[in-house]
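These notes are about the structure you will find just below.
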Amino acid sequence: MSFVDTFLNSDVMISAFPQLLRGLWMTIALGVVSILIGVTGGLIISLIRLYAPKPLQLLAIAYIDIMRAMPMLVVLILIYYALPFVGISFSAWWSAILGFSIVLAAYSAEVFRSGIESVPRGQFEAAAALGIPFLITLYKVVLPQAVRIVIPPTTSNCVSMFKDTSLASTVALPELLKEGQNAQGFYANPSPLIMAALIYIILLWPMVRLVSVLEKKFKDERAR
């Protein structure tokens, strides 16, 4: 067979497209839900890390360090395959959501912590001198500034999160890569996997470029 017939077989790609499309919707849903939970959780953990009583701060630090040190694949396998031995079982969908969310939360927590700490401490002191409660200062003064700082790295983390959704195939979730593998086996041709790779590029390339644009934009703003 020629290279085109082997890797870019149009008949196989057209036949496999509906199956890959189902996987794509699963990938998008998995990524969006995990990002929403992970980024929100990361913000909460960062606030605990910075402002909670010392024991809770230590727990937050331990969580962040452990989750950032552990490979995503290991987390997914532990949740889906190990937890049932102690009577805790999740479906493939919720195992993937839980695994992606808790790891992303750890990375997001460090990003938010860095952003919050980059806001001058004098703004807290000025707000306190005006009698503004700490929580209101945090919500209306500090976080709006921190969010602008953390947008580029958070967007980068979201891109990585979408790429990591391919690991959900290890817990038998029919996302894009899994559907591509199934189609490859059915048609005995690697063209569906090539098409899945192209779909990933089409989906994520704009987000990659967005990260670069945001980084340049905020760098120029800080320079002014």
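The values are calculated or read from the model by the stated rules, or taken from the named source; none is laboratory data. This structure is a prediction, so every number in the text was calculated from the model and none was measured. Methodologically, a virtual Cβ is constructed for each residue, glycine included, from the backbone with ideal geometry; neighbour enumeration extends over all protein chains shown. For accessibility, only protein heavy atoms count, side chains too; no ligands or nucleic acids. Shrake-Rupley method; radii C 1.70, N 1.55, O 1.52, S 1.80 Å.
If I ask for residues that are of a type outside the set (K, R), open to solvent by 20 Å² or more (accessible area, probe 1.4 Å) and more than 15 Å from the chain's Cα centre (by Cα), which ones from the range 108-123 would you list?
Hits for the range 108-123 are S114, E117, S118, P120, G122, Q123.
Specify which of the listed residues (I77, I48) is in contact with a helix residue (DSSP H, G or I) (Cβ under 9 Å, 6 or more places away or on another chain) and more than 21 Å from N182 (Cβ to Cβ). Don't jump to the end; show me each part of the working.
Details: I77 fails: more than 21 Å from N182 (Cβ to Cβ).
It is I48.
Within the bounds of the range 177-190, is there any residue that is at pLDDT below 90, more than 29 Å from S114 (Cβ to Cβ), buried (at least 18 other Cβ atoms within 10 Å of the Cβ) and under 18 Å from the mean Cα position of the chain (by Cα)?
yes
Does the range 1-11 contain at least one residue that is under 25 Å from K178 (Cβ atoms), crowded, with 18+ Cβ neighbours inside 10 Å and more than 18 Å from the chain's Cα centre (by Cα)?
Yes, the conditions are met somewhere in the range 1-11.
Can you name every residue in the range 67-94 that is loosely packed, with under 13 Cβ neighbours inside 10 Å, closer than 18 Å to V111 by Cβ and not basic (K, R)?
Listed by number, the list holds a single entry, A69.
Does the range 99-107 include one or more residues that are open to solvent by 20 Å² or more (accessible area, probe 1.4 Å) and more than 16 Å from G38 (Cβ to Cβ)? So that I can check it myself, show each step before the final result.
Step one: filter the range 99-107 for residues open to solvent by 20 Å² or more (accessible area, probe 1.4 Å), giving 102, 107.
Within this subset, residues satisfying the condition of being more than 16 Å from G38 (Cβ to Cβ) are none.
No, that holds for no residue.
Of everything in the range 131-142, what is surrounded by fewer than 18 Cβ atoms within 10 Å (Cβ to Cβ) and of a type in the set (A, V, I, L, M)? Give them in sequence order. Steps first, answer last, please.
Start the filter on the range 131-142 by keeping residues that are surrounded by fewer than 18 Cβ atoms within 10 Å (Cβ to Cβ), which leaves 131-136, 139-141.
I132, L135, I136, V141, listed by residue number.
Can you find, within the range 143-176, the residue that is surrounded by the fewest Cβ atoms within 10 Å (Cβ to Cβ) among those that are polar (S, T, N, Q) and over 15 Å from the mean Cα position of the chain (by Cα)? Spell out the reasoning first.
First, the residues of the range 143-176 that are polar (S, T, N, Q): 145, 154-157, 160, 165-166, 169-170.
With over 15 Å from the mean Cα position of the chain (by Cα) added as a condition, the list becomes 145, 169-170.
Details: Q145: 14, S169: 21, T170: 19.
So, considering only residues that are polar (S, T, N, Q) and over 15 Å from the mean Cα position of the chain (by Cα), the one surrounded by the fewest Cβ atoms within 10 Å (Cβ to Cβ) is Q145.
With the structure loaded, tell me whether F100 is at pLDDT 90 or above, farther than 21 Å from T27 by Cα and assigned to a helix (DSSP H, G or I) or whether it fails that test.
No; evaluated as a whole, the condition is false for this residue.
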